[in-house]
There are 2 protein chains.
Amino acid sequence: MAIISHRKLTAEREQCILDLLKQSDALAVSALSEQLEVSEATIRRDLQNLHERGLLERVHGGATLKAVGQPELLFSDKEGKCSDEKQRIAAAALELIQQHDTIYLDGGSTILQLARLLESRSGLTIVTNSLMAASLLMESRHRLILTGGEFRALSRTMVGPLSASILQSITVDKAFMGTIGLTLNDGMSTTDANEAFTKKQIMSRSRQVILLADHSKFGVPSFVNSGSLEDLQTVITDSISDEFRKRFNELGIHLILA
Amino acid sequence: MAIISHRKLTAEREQCILDLLKQSDALAVSALSEQLEVSEATIRRDLQNLHERGLLERVHGGATLKAVGQPELLFSDKEGKCSDEKQRIAAAALELIQQHDTIYLDGGSTILQLARLLESRSGLTIVTNSLMAASLLMESRHRLILTGGEFRALSRTMVGPLSASILQSITVDKAFMGTIGLTLNDGMSTTDANEAFTKKQIMSRSRQVILLADHSKFGVPSFVNSGSLEDLQTVITDSISDEFRKRFNELGIHLILA
DNA sequence: ACGGATTTGATCGATTTTGATTGAATATAA
DNA sequence: TTATATTCAATCAAAATCGATCAAATCCGT
């Protein structure tokens, strides 16, 4: 008896498209049609479905993963579609960490990259509100403490007033913070009020606050203020304008270019 | 005389489907029908049953383990073993939950099964110290609150004094608790002191405490006491000895046999 | 062996998905 | 810019799949 090769299920096919997209940034409708052995009309319908669910970006002739910087996609890349800058920034941050430090890891893809580098280390006490970071570090040889709080799905972090309970009862040596954007006038800002609240909390409980932000964050304002530049002791970035450099100098902020 | 190959029992077949699903992302009804040598109608009934028990997702033409495009779980159950008893106990617990309830989910595989059943529901406020439960419910339409605390790798839970900060500031309607063992004399007990501490904390902050424990837990002592039988309002199990039944009766504990 | 309960497979109309076709919209080249 | 070639969304009929129903087969306790 012959083995009949069944056509893939819709769900299976959509998963396939997403997997393929993770490997190459963009895919043509025609290529997908050949690869998956269905008509182009079907591929177009699949792409539309996936787009409506926010899983990819549609372009003429095919599809791409969402543009980087879109919060929805910050974490969808398992592989670490992490830019080179973010890796260098994380590596520079790693140098600041000493044995037996108690550190805080904020949410965001840059900090997550730092967590990856810490995976193979040991002996630190790591406090975090990021479930992605916790997930990475759970098998490591660090002491791991989670802040608790209301779960925010978009950033996969625990935020809000409830997280304050724990944060108020601890002090860390170094807090590694991320941000959506920062401006000269208004300092750091983010999209969610609860998240901003938690960021402010932890910054007040850290001996040293270190901001990790690539050049794309500078000059970009977001919705809610999450701290002023005065709160920072150190900033790590890949490149910076003269304006910001001058301001950091005035404020006595240690600037590290990675 | 040839050996007649008996058709598989329903339970056997359903287990088979789950095993096959773990190997490939998605399976077609037609493929399963051939593989297991039963009609497609039967496969559809099996898939519907498994779906109602929260063990798979149904898609047109077949079934998948998780919805397409959903990121993989951050924290997953390594063993993943879930006996039939635990499923029934979880299903019975589900019936106790009402719309808009605020509930607490403890760690443990039985409670995790309950979390699976809650995945497709919505509108609850769910507090948990279990990262596996949180990971399952991450994308669901509930309000999700994590307790925070020190991460205990073995149980993938947040425990210890730090978790008390949040627990003291909340009250839940129903706490669904697991345990390593319970005895007539010493009540519930578990292996880790921090875990026991957290269990006692939440039980004191819940209007109703519901213990989910299969028969293997009864009469088995563990290391640290994590609460007395008097703390319980309801116990759900699959079978129970007369001694325990009598004691529960004396204490006014509502016993549910699943 | 008997009878009730459960499970199975077949059937049917309803729903969903697919591929082809169309004219409109967009990209590319001249 | 205009002309040409792709790609697109909308539409429709065919195919696949679905849920509901019912009768036959199987299972189980008496």
Just for the stretch B:31-43: of the residues that are within 14 Å of chain A (Cβ to nearest Cβ) and outside any loop (DSSP other than H, G, I, E, B), which one is farthest from DNA strand C (Cβ to nearest atom)? B:Ala31
Could you list, ordered by first residue, the pairs with Cβ atoms under 7 Å in which the first is in the stretch B:33-45 and within 12 Å of B:Ile17 (Cα to Cα) and at pLDDT 95 or above and the second is buried (at least 16 other Cβ atoms within 10 Å of the Cβ) and not aliphatic (A, V, I, L, M), at least 6 apart or interchain? B:Ile43/B:Ser33
Only one of B:Ser204, B:Ser216, B:Ser226, B:Ser169 is out of contact with any strand residue (DSSP E or B) (no Cβ under 8 Å at 6 or more places or on another chain) and at pLDDT 95 or above. Can you tell me which? B:Ser204
Suppose we filter the stretch A:215-258 for residues that are surrounded by 13 or more Cβ atoms within 10 Å (Cβ to Cβ) and outside any loop (DSSP other than H, G, I, E, B); how many remain? 22
Before we move on, is B:Ala92 away from DNA strand C (no atom under 16 Å from the Cβ), under 23 Å from the mean Cα position of the chain (by Cα) and at pLDDT 90 or above? yes
Quickly run through the stretch A:92-138 and pick out the residues that are under 22 Å from A:Val159 (Cβ atoms) and acidic (Asp, Glu). A:Asp106
Filter the stretch B:139-154 for residues that are in a loop (DSSP other than H, G, I, E, B), in contact with a helix residue (DSSP H, G or I) (Cβ under 8 Å, 6 or more places away or on another chain) and within 17 Å of A:Val159 (Cα to Cα); the one that is farthest from the other protein chains (Cβ to nearest Cβ) is B:Thr147
Given (1) open to solvent by less than 20 Å² (accessible area, probe 1.4 Å); (2) under 27 Å from B:Asp84 (Cβ atoms); (3) touching a Leu at 6+ places or on another chain (Cβ under 9 Å), number of the condition B:Ile166 does not satisfy: (2)
Search result, residues across the stretch B:240-258 that are touching a residue at least 40 places away in the same chain (Cβ under 8 Å) and either within 22 Å of B:Thr147 (Cβ to Cβ) or touching a helix residue (DSSP H, G or I) at 6+ places or on another chain (Cβ under 6 Å) (or both): B:Ile256, B:Ala258
With respect to the numbered conditions (1) touching a helix residue (DSSP H, G or I) at 6+ places or on another chain (Cβ under 7 Å); (2) at pLDDT below 90; (3) away from every other protein chain (no Cβ under 13 Å), which one is the sole condition not fulfilled by A:Pro71? (1)
Can you name the residue in the stretch A:198-238 that is among the hydroxyl-bearing types (Ser, Thr, Tyr) and within 19 Å of the chain's Cα centre (by Cα) and, of all such residues, is nearest to A:Lys86 (Cα to Cα)? A:Thr237
Restrict the check to the stretch B:23-30 and report whether at least one residue is surrounded by fewer than 18 Cβ atoms within 10 Å (Cβ to Cβ), away from every other protein chain (no Cβ under 14 Å) and at pLDDT 90 or above. no
Name every residue in the stretch B:123-154 that is in contact (Cβ under 8 Å) with a residue 40 or more places away in the chain and hydrophobic (A, V, I, L, M, F, W, C), in order of residue number. B:Val127, B:Leu131, B:Met132, B:Ala134, B:Leu136, B:Met138
Looking at B:Gln48, is it within 24 Å of B:Gln113 (Cβ to Cβ), in contact with a strand residue (DSSP E or B) (Cβ under 8 Å, 6 or more places away or on another chain) and either assigned to a helix (DSSP H, G or I) or not assigned by TED's automatic domain parsing to the domain that holds B:Thr110 (or both)? yes
Among (1) open to solvent by 20 Å² or more (accessible area, probe 1.4 Å); (2) more than 9 Å from DNA strand D (Cβ to nearest atom), where does B:Arg58 come up short? (2)
Would you tally the residues in the stretch B:7-22 being more than 9 Å from DNA strand C (Cβ to nearest atom) and surrounded by 13 or more Cβ atoms within 10 Å (Cβ to Cβ)? 7
Could you list, in sequence order, the residues of the stretch B:87-111 that are open to solvent by 10 Å² or more (accessible area, probe 1.4 Å), in contact with a Leu (Cβ under 9 Å, 6 or more places away or on another chain) and assigned to a helix (DSSP H, G or I)? B:Gln87, B:Ala91, B:Ala92, B:Leu94
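The values are calculated or read from the model by the stated rules, or taken from the named source; none is laboratory data. None of the values given here were measured: they were computed from a predicted structure. Because the Cβ atoms are built from the backbone with ideal geometry, glycine has one as well, and the counts that use them run over all protein chains shown. Heads up: the accessible areas ignore ligands, DNA and RNA and are worked out on the full protein's heavy atoms, side chains in. Shrake-Rupley method; radii C 1.70, N 1.55, O 1.52, S 1.80 Å.
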